[in-house]
Amino acid sequence: MQSSQNFAEYIDSPVLEFQGNPLIEALPPILCESDAASRISHFPPLIDEEKQLDKSVRLHCIDRIRSIVQPLPIHLELESAFSSLLRSGYVGRNPMSTSTVRHLHSLSTGRGSEGFRSTANTFSLVGLSGIGKSTALESILRLYPQTIIHQRYAGRSFVQMQITWLKLDCPFDGSLSGLCRAFFRAIDHAIGQDRYANSYRARDGLPDLIQRMEQVASTYFVGALLIDEIQHLRSARTGGKDNMLNFFVNLINSIGIPVVFIGTNSMISLFSDVLRNARRGCGLGAVEFKRFEKDDPLWRMMVESLWAYQWCREDSPLTDELFDTLYDLTQGVTDFLVKLLILGQRFAIQSGEERLTPSTFRRVSDTKMHILKPALAALRSRDPRQLNRFEDLLPIDDQLQVMMTLDVNDAQDRLALLRSITPMPRPGISSEKMENTSRAKPIGVEKSRQLTKSAEIAQAENPLERLSEEGWLNTDVFEFSPPHRKV
């Protein structure tokens, strides 16, 4: 995405906590759903005359489909969550406040952030690869200028460059040093200068890099840090995952910068193995992009929006057979749908058919998209065992169920191990007394020989549902509330 720089124009906020804060009042106004949907959407112009152009030109026009953004309810949910995250994170970093000035001075001298009260939060964006996460997020980020230049506020000098957001890709090896380098490159891109990336290198030492990164982020009042491809942390060296997550928690709690985690379904294992990590990823909840079901009206709306963009000489209506074929060959994954429509039109134009039919798309799927066939077969089967072969395909609920079942089974195995240990007779106790004692039935022994509640849940057909029925599953367990901020 291209960086955009704006001079600050301040708008009074109707929210009490946001008033008198130039970092918030310089942001675009809070949007209602209709305005958000209108600004997020992008539909290129439909030019019917283009169908008469030479096929070599029309082949280039087809790629216009990639730029279409059809707003969906999840886009509105994401826009609202990001708007809240960004503004609430700035509440505790008002540059007009003396406490913020003291906080910045402490960070610049490396003395930490004693007495600072962070208002930053976090949330996660998760979904299948190609489901539309990046497209949706970039549509939201385009609503905000990345860099805002302040000069005067409330009649007094206020010279400050504000970076509202930074988006980084998690390094493929999950290393903190790689993240720091990506951060400095992103800062240079945002401010339009080659200032930091070449100044801070790995030879300075990781602790020094992290400290400088925190100081730079505070200096520019970075509004939110978005970490994409967070599932790469699963490839980190021993201890690397925890080091990275601890670093993010320090940004949130000590520096006051909100963090957004973005990744495929496999990222859920990073946060759900430890409750503390789960709270890190779900402060404002997890926005999950799920694949569409065939009878979902949103899927039909998506298909109809894309179907309107045709460059074949003959206009092909969207029949029920075509609709069924498109779903069968994409299984409700938007990226697969876009690719199939582009490749289908290219084939129809190049072959001279000049129309779209079910056989056209099936031929393209068999020849141009055959690498996706195993994944599509797994999605079509809906079998968790097949989906588990592709770490990014297994839905979040199924992953949690698998992890919960394994945890309960581990507890059951440990209990069986403890029961197998026979206590040795103590000195001074006769064998007759020991025999009589062993015949007695102390309270709880008979009960312990029966299946424990945990074992019953582990053997249930749906352990997650059984946990909920027993009242063991807290629906608010991932709450990122102030009492837990110091964890």
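Only the coordinates and a few stated rules stand behind these numbers; no lab work does. Please read all numbers here as calculations on a predicted model, not as lab measurements. Glycine gets a Cβ as well: all are built from the backbone with ideal geometry, and neighbour counts include every protein chain shown.
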field: Sequence of His232, His370 once ranked by neighbouring C-beta atoms within 10 Å, starting from the fewest
entry: His370, His232
task: Please tell me which of these pairs span more than 28 angstrom C-alpha to C-alpha: Lys241/Lys368; Lys133/Lys294; Lys294/Lys368; Lys290/Lys339; Lys133/Lys241; Lys51/Lys339?
output: Lys241/Lys368
statement: Fraction of alpha-carbon pairs in region 123-210 farther than 19 Å apart, rounded to whole percent, equals 57 percent
